[in-house]
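Asker: Pasting a structure below so you can have a look.
The numbers here are math on the coordinates, done by the rules we state, and not lab data. Only a predicted model underlies this, so the values are computations on that prediction, with no experimental measurement involved. In this analysis, Cβ positions are derived from the backbone assuming ideal geometry, glycine residues included, and neighbour counts consider all displayed protein chains.
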Amino acid sequence: MLRFLIFILCPVVLAACVDRNVSETLPSALEIGTPETVFAATTRAREPDGAYGFRRAERLQFLETTVSIPPGRSPGSLKFSYANPDPRKQFVLAEINQLSGPQQLKDRLSGADEVTIFVHGYNSTQTETLFRAAQLSHDIGLPGQILVYSWPSRATGYGYAYDLDSMLFARDGLEETIRLLKSMGIRRVALVAHSMGGALAMEMIRQTELKQPGWAKRNLEGLILISPDLDVDVFRSQMNSIKNPPDPFVLMVSKKDKVLNVSGRLRGTADGERLGNIGSAEKLSEYPIEIVDTTAFNGDAESSHFVAATSPALLTILRSVRRVSETFGREDRRGIDILVPPNQRNPVGATEIVLTETGQAQVSNP
């Protein structure tokens, strides 16, 4: 138990040394780095200094930002500084514009046919989330415009309980964001959620399905949960309330996820199992989802809790898949589905896809 407490408390000590909610904006970074536009819908309250911290806001606010991505970086790397950033080596927030409301967001998205929403996890600041979304978009080529749904994380190692409450608080805002995008004429909305953001995505979908069965499949082009910090039994309960889940529905897991192992043990599960590090797909066999096992790429990933974003080898494969998928045309594009021929997927339940270091996909139907 002592090593688990050390694991949890280390970020607390580090966080005490710097205010992570303060980020310098440096327009001149765009003279060096590659610009990536990232929109944001947030339920964080705006502070007097203009920052968006951990306090909860009663209404959605919208931003348009430009992130400068440094030249010559390796895929999966995400280096940044809270003060005096170096655009030659680090991600830098180059521009940030507060939008007046949904109408101005609609104007900015004019002509867009597709939006990918990225939902962050526990212990995340708004700027860190913008950087991660820009990195994913740049390294994989996420479809359409990128929009971050930024919920009010405490952004400290000791803020886990606060973040759990904020995650539940943020359900309505995420639903409102998707409804707004669809009302603006965005034809395709995909949802990508990491860690505790996966729990938020599932809670939001469950509540919409209870009100309007079939809503998720009608309004979401696809759902990808990456290393979700979610109890397996809770997930099963949620899925039992969702009769028509989004398609594709992809669950990316790693059996060597250290963060989820700690999370599970602190919750009293002897094997430290959470949805994102599930050891066997048998418990999920009846659900029409694709379970992608990325454990083989844990070795070269900067984070065992975010292998899909920090493993250079896996990012290369995912970007290649994305390019191949695009050759099939917009109507047939299904992203990661192209890893597996349709006749190998389970038509009535889960399909387990184990990715090997060579890029092979070993398929089984649990």
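Asker: Find the relative contact order for region 80-214 and round it to a whole percent, using C-alpha pairs within less than 8 Å whose residues are 6+ positions apart.
Answerer: 29
Asker: Starting from the Cα of K255, draw a straight line to each of the aspartates and glutamates and keep only those under 14 Å, dropping any in the same chain fewer than 8 residues away.
Answerer: D229, D271, E273, D293, E352
Asker: So for region 180-295, Kirkwood radius off the Cα pairs, Stokes-Einstein at 4 °C and 1.567 mPa s: how many µm² s⁻¹?
Answerer: 89
Asker: Using only DSSP helix segments of four residues or longer, with each worth -39500 (n - 2.57), what per-residue ellipticity at 222 nm results for the chain after dividing by its residue count and rounding to 500?
Answerer: -9500 deg cm²/dmol
Asker: Also, I was wondering about something else. On the Cα set of region 223-271, report Rg and Dmax in Å, please.
Answerer: 12.3, 33
Asker: Between S280 and T316, what FRET efficiency follows from the Cβ-Cβ distance if R0 is 30 Å, with the result rounded to 0.05?
Answerer: Working: r = 28 Å, r/R0 = 0.94.
Here the calculated transfer efficiency is 0.60.
Asker: For q = 0.15, 0.16, 0.22, 0.24 Å⁻¹, what log10 I(q)/I(0) does region 103-203 give under the Debye formula with an equal point scatterer on each alpha carbon and no solvent?
Answerer: -0.60, -0.68, -1.16, -1.30
Asker: Can you tell which of P312, P27, P35 shows the greatest fluctuation in a Gaussian network model of the chain with Cα springs below 10 Å?
Answerer: Between P312, P27, P35, it is P27 that shows the largest mean-square fluctuation.
Asker: Longest exposed-loop-site-free stretch of the chain, with chymotrypsin sites (Phe, Trp or Tyr not before Pro), DSSP loop and at most 16 other Cβ within 10 Å?
Answerer: Values: sites that count: Y82, Y158, F328.
Here the longest run is 159-327.
Asker: What dipole magnitude, in Debye to the nearest 20, does the chain give about its Cα centre under +1 on Lys/Arg Cβ and -1 on Asp/Glu Cβ?
Answerer: For this selection, approximately 240 debye.
Asker: From the residues P27, L251, S137, which one has its Cα farthest along the dipole of the chain in the positive direction, the dipole being from +1 and -1 charges on Cβ of Lys/Arg and Asp/Glu about the Cα centre?
Answerer: L251
Asker: Return the sequence-ordered ³J(HN,Hα) values of region 27-40 in whole Hz as given by the Karplus equation 6.51 cos²θ - 1.76 cosθ + 1.60 applied to θ = phi - 60°, using x for Gly and Pro.
Answerer: x, 5, 4, 5, 6, 10, x, 8, x, 9, 7, 10, 8, 9
Asker: Among the listed pairs K182/K217; K243/K283; K89/K256; K256/K283; K211/K243, which have their C-alpha atoms separated by more than 22 angstrom in this model?
Answerer: Those over the limit are K89/K256.
Asker: Alpha carbon centre of region 118-176 versus region 259-306: separation in Å?
Answerer: 20
Asker: Apply the Debye scattering formula to the chain, with a single equal point scatterer on each alpha-carbon and no solvent, then give log10 I(q)/I(0) at q = 0.09, 0.12 Å⁻¹.
Answerer: Those come out to -0.47, -0.88, one per q.
Asker: If you take every DSSP beta bridge whose two residues both sit in the chain, what share of them, in percent to the nearest 5, is antiparallel?
Answerer: Given both bridge residues lie in the chain, the antiparallel proportion sits at roughly 40 percent.
Asker: Another question about this same structure. Just need the relative contact order of the chain here, percent rounded to a whole number, with Cα pairs under 8 Å and 6+ apart.
Answerer: 13
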